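Bear in mind these aren't lab numbers, they're just calculated from the coordinates by the rules spelled out. Here the structure is a predicted model, which means the values were calculated and not measured. As a convention, Cβ positions derive from the backbone with ideal geometry for all residues, glycine included, and neighbour counts pool all protein chains shown.
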Amino acid sequence: MSKAFAFVFCALFCCSAFAQDSDRPPQASLFLTPQEEHEAEMLARRLSPPGKGDLHLGAVLYYGPEDWTLWLQGEKWTPSTRREGIKILEVGESAVRILWTNPEDNAPLEVTLHPNEAYQIATGKIILDR
């Protein structure tokens, strides 16, 4: 009886320890070592170097739904700005929703960026744009 009690106690203790941390995202990859994760990030950056097809949002000056200025791809955009392949869907005080159309297959992609973020098209990741 004491072995069964010890087993149940250990099982409950371990489950409660995992349950406390279940709300937090994992701090490291479950499948890759830190070195492998770093190498994968470097490979992704080489496949999609900054400025080569990525969407970069620099800054947003928001005064209202129809009165804003933002810097996308290094260019100044206002509500009247039009560019082929990129459409501004919504601008807020701290985020911009963008519809980008891939010129190779005309597939639309909707992405939300905050100032100083970039969407890496090759990896599908949003990164800080430094």
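By per-residue mean of other Cβ atoms within 10 Å, what is the highest-first order of 57-65, 117-125? Show your work: numbers first, answer last.
Details: 57-65: 14.1, 117-125: 16.8.
Those peptides, ordered most packed to least, come out 117-125, 57-65.
Starting from the amide H of Asp129, placed 1.01 Å from N in the peptide plane, find each other amide H under 5 Å away whose residue is 5 or more places distant or on another chain.
Glu117, Ala118
Tell me which residues come under 5 Å, amide H to amide H, from Gly92 once H is placed; ignore anything under 5 positions away on its chain.
Residues meeting the amide H criterion: Arg97.
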